[in-house]
Amino acid sequence: MYEFDYLKVSSINEAVSKFKELDDPRYLAGGHTLLPTMKQRLASPSHLVDISNIPDIIGISTNNNEVSIGSATTHHAVATSETINNLIPALAALANEIGDPQVRIRGTIGGSLANNDPAADYPAAALALKATIVTSEREISCDDFFVDLFETALNEGELITSVKFTVPQKASYVKFPNPASRYAIVGVMYAEFEEGARIAVTGAAPCVFRAHEMEEALKRGEELPEIIAEGLNSDIHAGAEYRAHLVKVMTKRAIENAK
Ligand SMILES: Cc1cc2nc3c(=O)[nH]c(=O)nc-3n(C[C@H](O)[C@H](O)[C@H](O)COP(=O)(O)OP(=O)(O)OC[C@H]3O[C@@H](n4cnc5c(N)ncnc54)[C@H](O)[C@@H]3O)c2cc1C
């Protein structure tokens, strides 16, 4: 690891203003992506601005048909939240399947969404559950947030403060995990709303995406269509054809399991 300076902040304003003053800073939340990246020398920020102790961005609350989760809330807190287990059990189950206990106890929802790893679980939940990403600057619809591989709509220094999920009629997340890391080789979040179902797929492509053709087929009461492998990820874990097959199988299971 290269040398860097570390500072801990206690408010959103302090985090954002410090970030602006510094040379090449990065926010540090759970550190479960950023620190391994730094160890591999793929990132060498001058400063780490630790946001993990800002009270305003930790915790879970509800408002009408929405569940709001502070960005520095850990995967463990989401997995064990009574509110989330009652209102969106699929989201609690998803959080409970992220990595291992060490990852869940430190890793945060905001870090996961900001990072937008193509195999991460939360992006699928955000996209299927009509999430709004609330930041230090604005509110961003999930439909506009995930741009490409490790790329989001966030501006430099823009801090995610919370994520608002819409409570569905029913939902389910099914993942085919990499047996070592537990990241999704393919993961499918299925969520039903009055106007129809939303199906979001992670792991299969460079960026999380909605399976619009499947959603339309369900609306028409038809069989799920075959998935075209072209453009899907192909690596040592699974080829594109296999991933295409998994998308359909995981989606079928998610529909069957939805509650
Ligand atoms: C062994 C292992 C297994 C894992 N398995 C899985 C898995 O199965 N599924 C899965 O989804 N993930 C998995 N992860 C990743 C894990 O969920 C991370 O916790 C997560 O991706 C990043 O969250 P973090 O809080 O650790 O972020 P950090 O590592 O602290 O930060 C990640 C990036 O996001 C930025 N950032 C952090 N918070 C914010 C914010 N509020 N606003 C703006 N930018 C921010 C940081 O600057 C950095 O660029 C695994 C990680 C490890 C090490």
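Observations
- Screening TYR6 with (1) surrounded by fewer than 16 Cβ atoms within 10 Å (Cβ to Cβ); (2) closer than 26 Å to VAL186 by Cβ gives one miss only, at (2).
- Residue in region 226-237 that is surrounded by fewer than 23 Cβ atoms within 10 Å (Cβ to Cβ), of a type outside the set (D, E, K, R) and within 16 Å of the ligand (Cβ to nearest atom) present: yes
- Some residue of region 91-111 being crowded, with 23+ Cβ neighbours inside 10 Å and more than 11 Å from the ligand (Cβ to nearest atom): yes
- Hits in region 34-82 - residues which are within 19 Å of the chain's Cα centre (by Cα), assigned to a helix (DSSP H, G or I) and without any contact (Cβ under 8 Å) to a residue 60 or more places away in the chain: LEU35, PRO36, THR37, HIS75, HIS76, ALA77, VAL78, ALA79, THR80
- Conditions (1) part of a loop (DSSP other than H, G, I, E, B); (2) without any contact (Cβ under 8 Å) to a residue 60 or more places away in the chain; number of the one not met by LEU7: (1)
- Residues that are of a type outside the set (A, V, I, L, M), farther than 20 Å from ALA29 by Cα, within 9 Å of the ligand (Cβ to nearest atom) and buried (at least 23 other Cβ atoms within 10 Å of the Cβ) do occur in region 153-176, at least one of them.
- Members of region 109-130 that are outside any loop (DSSP other than H, G, I, E, B) and farther than 15 Å from ALA95 by Cβ: ALA114, ASN115, LEU127
- For ASP144, the stated conditions hold: it is over 25 Å from SER10 (Cβ atoms), more than 9 Å from the ligand (Cβ to nearest atom) and outside the structural domain of VAL201 (by TED's automatic domain parsing).
- Residues in region 16-33 that are over 13 Å from ALA72 (Cα atoms) and not in a loop (DSSP other than H, G, I, E, B): VAL16, SER17, LYS18, PHE19, LYS20, GLU21, PRO25, ARG26.
- Flag for THR108 being over 14 Å from the mean Cα position of the chain (by Cα) and β-branched (Val, Ile, Thr): no
- Selection within region 131-143: residues that are touching a strand residue (DSSP E or B) at 6+ places or on another chain (Cβ under 9 Å) and charged (D, E, K, R). The member of this set that is farthest from ALA95 (Cα to Cα) is GLU139.
- Candidates TYR6, TYR2 - the one that is of a type in the set (Ser, Thr, Tyr) and modelled with pLDDT under 95: TYR2
- Residue within region 83-98 that is part of a strand (DSSP E or B) and touching a residue at least 60 places away in the same chain (Cβ under 8 Å) present: no
The values are calculated or read from the model by the stated rules, or taken from the named source; none is laboratory data. Bear in mind that the values here come from a model prediction, so they are computed numbers and not experimental data. No Cβ is skipped: glycine too gets one built from the backbone with ideal geometry, and neighbour counts run over all protein chains shown.
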